Amino acid sequence: MNILVIGSGGREHALAWKINQSALVDEVWSAPGNPGMHDVGPCFDVKADDIDGLEKLARQLDPDLVIVGPEQPLADGLADRLRSAGYDVFGPSAAAAQIEASKGFSKDLMAKYNIPTARYQRVTTVEAGKAFLDTLEAPFVLKADGLAAGKGVVIAETREVADKAVEDMLAGQFGAASAELVIEEFMQGEEASVFAITDGENFICLPAAQDHKRAYDGDEGPNTGGMGAYAPAPVISDALMSQVKETIVTPSLKGLEAEGAKFQGVLYVGLMISSEGPKVVEYNCRFGDPECQVLMMGLEGDIVPLLLASSTGGYSERDFEKLAPEGGFQPSVTVVMASEGYPGSYEKGTVIEGVKTADRLEGVKVFHAGTDVRDDGELVAVGGRVLNVTATGPTLEQAFQRAYSGINAIDWPKGFYRSDIGWRVRD
Ligand code: AMP
Ligand code: GLY
């Protein structure tokens with residue numbers, strides 16, 4: 001079969017690379033792809049948010065499965081469009097993608113189906129916002145309702161800052177995304193993410209992962225899309241995973257179905273492991289980036305049967321546990337190399353050397369994100385997050401060592417990375 005992957009980040013490179021190893025797969029196509037994905041198969045110059053262009057491309061290529069990487073096209077209804085055109089799609093409908101695209105929708109779902117999360121209120125006026133803040137203690141958590149490229153959450157240490165944030169956000173700090181806010185209680189604990197691959201009823205959870213959102217060592221600096229990740233996350237014991245499936249994943253999927261928004265694809269559950277047990281911080285309607293890179297790298301066997309079962313109602317095996325990739329999961333780590341200045345402004349076009357050398361190291365694979373190839377053949381950085389140096393090993397510690405040997409093989413003076421990825425689980 002032939003599979004079309006939508007997106008151009010490290011997440012999509014990892015997906016394309018992994019599915020290309022499947023005995024079921026002939027060709028992997030990407031749109032728009034990146035230089036790393038180009039090594040896997042042909043890339044087509046259609047952007048991930050160009051819904052009309054992607055439908056046209058699908059009709060031209062006639063893929064057996066389309067995998068949608070990012071959230072925006074899912075929220076904009078790409079999966080619905082492609083399904084109506086007769087294609088099988090890994091990724092939820094626009095209705096189900098609201099679980100990420102509207103924080104208010106996701107909080108109401110949790111409230112209705114008794115899924116543990118922070119106490120909250122949806123507000124559209126400064127007055128209502130301040131009145132709810134009166135019932136909370138610092139720190140305060142304020143979230144833009146809509147998609148804001150991972151930047152729509154403000155944690156305010158004082159009431160003054162919170163009041164100002166309510167005013168600014170409602171006045172359009174995040175555009176239309178913050179016309180409505182969710183204000184919620186702050187949860188204490190350690191964060192981890194669980195990924196359920198599902199057809200809306202049946203599901204399997206991949207090993208839990210942890211990422212590092214802050215830009216600099218010591219979890220300092222501004223929030224980013226993620227500077228590194230590892231899996232499995234030891235904080236999620238087997239007992240805790242069972243609890244998460246029972247108290248969170250199962251009722252979330254049932255709730256979505258009952259609301260007429262059956263979820264097909266991967267449900268990403270961001271968790272806070274609090275003293276009262278696991279609670280939901282947020283849901284996403286797609287794989288995490290860079291969490292996907294460690295999941296694809298760590299899975300030994302073929303993931304394509306699971307992706308197909310999630311996507312096609314006609315797939316005969318519905319027991320997702322029976323479709324689990326054979327061979328289990330190897331501990332896996334990714335370290336992001338980003339352009340100096342990210343997540344703020346950064347220079348474009350700086351030359352990167354040594355990626356192929358890093359790729360040849362034992363257990364190491366470099367996934368591309370914001371890269372391009374110049375006319376003279378040089379690899380250059382064109383984005384914020386640029387490379388994901390990913391490694392597996394018999395233990396997490398060996399995986400960390402291998403990932404950092406990969407980093408050392410890369411010569412990119414204008415790049416930076418965190419040197420403490422995995423500090424919680426390293427000696
Ligand atoms: P979100 O985009 O909802 O995941 O929020 C971004 C980050 O803000 C999360 O990964 C947490 O670190 C933090 N956060 C969000 N909500 C809460 C909360 N209620 N309590 C504590 N931290 C939170
Ligand atoms: N790494 C966090 C995310 O993908 O949302």
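The values are calculated or read from the model by the stated rules, or taken from the named source; none is laboratory data. Keep in mind that this is a model prediction, so the values were computed, not measured. Note that each Cβ is placed from the backbone with ideal geometry, even for glycine, and that neighbours are counted across all protein chains shown.
Structure values in brief
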{"read-out": "Filter result for Pro394 (within 18 Å of Gly298 (Cβ to Cβ), assigned to a loop (DSSP other than H, G, I, E, B) and not basic (Lys, Arg))", "value": "yes"}
{"read-out": "Residues of region 347-364 that turn out to be of a type outside the set (Asp, Glu) and touching a residue at least 60 places away in the same chain (Cβ under 8 Å), as a count", "value": "3"}
{"read-out": "Residue check for Gly265: among the small types (Gly, Ala, Ser), surrounded by 23 or more Cβ atoms within 10 Å (Cβ to Cβ), modelled with pLDDT of 95 or more and more than 21 Å from Met110 (Cα to Cα)", "value": "no"}
{"read-out": "Boolean, Glu160 is assigned to a helix (DSSP H, G or I) and either touching a Gly at 6+ places or on another chain (Cβ under 9 Å) or closer than 17 Å to Gln264 by Cα (or both)", "value": "no"}
{"read-out": "In region 126-166, the residues that are at positive phi and either buried (at least 18 other Cβ atoms within 10 Å of the Cβ) or touching a Ser or Thr at 6+ places or on another chain (Cβ under 9 Å) (or both)", "value": "Gly150"}
{"read-out": "Which numbered condition Arg59 misses (of (1) touching a strand residue (DSSP E or B) at 6+ places or on another chain (Cβ under 6 Å); (2) farther than 15 Å from Leu308 by Cα)", "value": "(1)"}
{"read-out": "Residue check, Ser332 away from ligand 2 (no atom under 16 Å from the Cβ) and either hydroxyl-bearing (Ser, Thr, Tyr) or free of Cβ contacts under 8 Å to residues at least 40 places away in the same chain (or both)", "value": "no"}
{"read-out": "Residue in region 407-424 that is under 20 Å from the mean Cα position of the chain (by Cα) and farther than 24 Å from Val351 by Cα present", "value": "yes"}
{"read-out": "Candidate set from region 337-367 (those that are part of a strand (DSSP E or B) and in contact with a Ser or Thr (Cβ under 8 Å, 6 or more places away or on another chain)); member that is surrounded by the fewest Cβ atoms within 10 Å (Cβ to Cβ)", "value": "Thr350"}
{"read-out": "Check on Glu353, within 20 Å of Leu253 (Cβ to Cβ), away from ligand 1 (no atom under 16 Å from the Cβ) and not hydroxyl-bearing (Ser, Thr, Tyr)", "value": "no"}
{"read-out": "Filter pass, Val154 being closer than 28 Å to Ala233 by Cβ, at pLDDT below 95, more than 16 Å from ligand 2 (Cβ to nearest atom) and among the β-branched types (Val, Ile, Thr)", "value": "yes"}
{"read-out": "Matching residues in region 132-174 - criterion: being more than 16 Å from ligand 1 (Cβ to nearest atom), within 26 Å of Gln98 (Cβ to Cβ) and in contact (Cβ under 8 Å) with a residue 12 or more places away in the chain", "value": "Leu170"}
{"read-out": "Leading residue by the ranking (farthest from ligand 2 (Cβ to nearest atom)) among those in region 268-316 that are buried (at least 24 other Cβ atoms within 10 Å of the Cβ) and part of a loop (DSSP other than H, G, I, E, B)", "value": "Cys285"}
{"read-out": "Exclusive hit being within 15 Å of ligand 1 (Cβ to nearest atom) and closer than 25 Å to Ala144 by Cβ, set Val266, Val281", "value": "Val281"}
{"read-out": "Residue within region 184-206 that is under 23 Å from Phe287 (Cα atoms), without any contact (Cβ under 8 Å) to a residue 60 or more places away in the chain, of a type in the set (A, V, I, L, M, F, W, C) and in a helix (DSSP H, G or I) present", "value": "no"}
{"read-out": "Among residues of region 207-224, those that are within 16 Å of ligand 2 (Cβ to nearest atom) and either part of a loop (DSSP other than H, G, I, E, B) or at positive phi (or both), counted", "value": "5"}
{"read-out": "Elements of type helices (runs of 4 or more DSSP H) in region 27-122, at least 1 residues being buried (at least 24 other Cβ atoms within 10 Å of the Cβ) and among the basic types (Lys, Arg)", "value": "103-112"}
{"read-out": "Every residue from region 323-342 that is of a type outside the set (Gly, Ala, Ser), more than 14 Å from Ala381 (Cα to Cα) and at pLDDT 95 or above", "value": "Phe329, Gln330, Pro331, Val333, Thr334, Val335"}
{"read-out": "Candidates Ile407, Ile421, filtered to the one that is surrounded by 14 or more Cβ atoms within 10 Å (Cβ to Cβ) and assigned to a loop (DSSP other than H, G, I, E, B)", "value": "Ile421"}
{"read-out": "Yes/no for Leu24 being among the aliphatic types (A, V, I, L, M), surrounded by fewer than 24 Cβ atoms within 10 Å (Cβ to Cβ) and outside any helix (DSSP H, G or I)", "value": "yes"}
{"read-out": "Hits in region 211-223 - residues which are in contact with a Lys or Arg (Cβ under 7 Å, 6 or more places away or on another chain) and either without any contact (Cβ under 8 Å) to a residue 24 or more places away in the chain or within 11 Å of ligand 1 (Cβ to nearest atom) (or both)", "value": "His212, Glu220, Gly221, Asn223"}
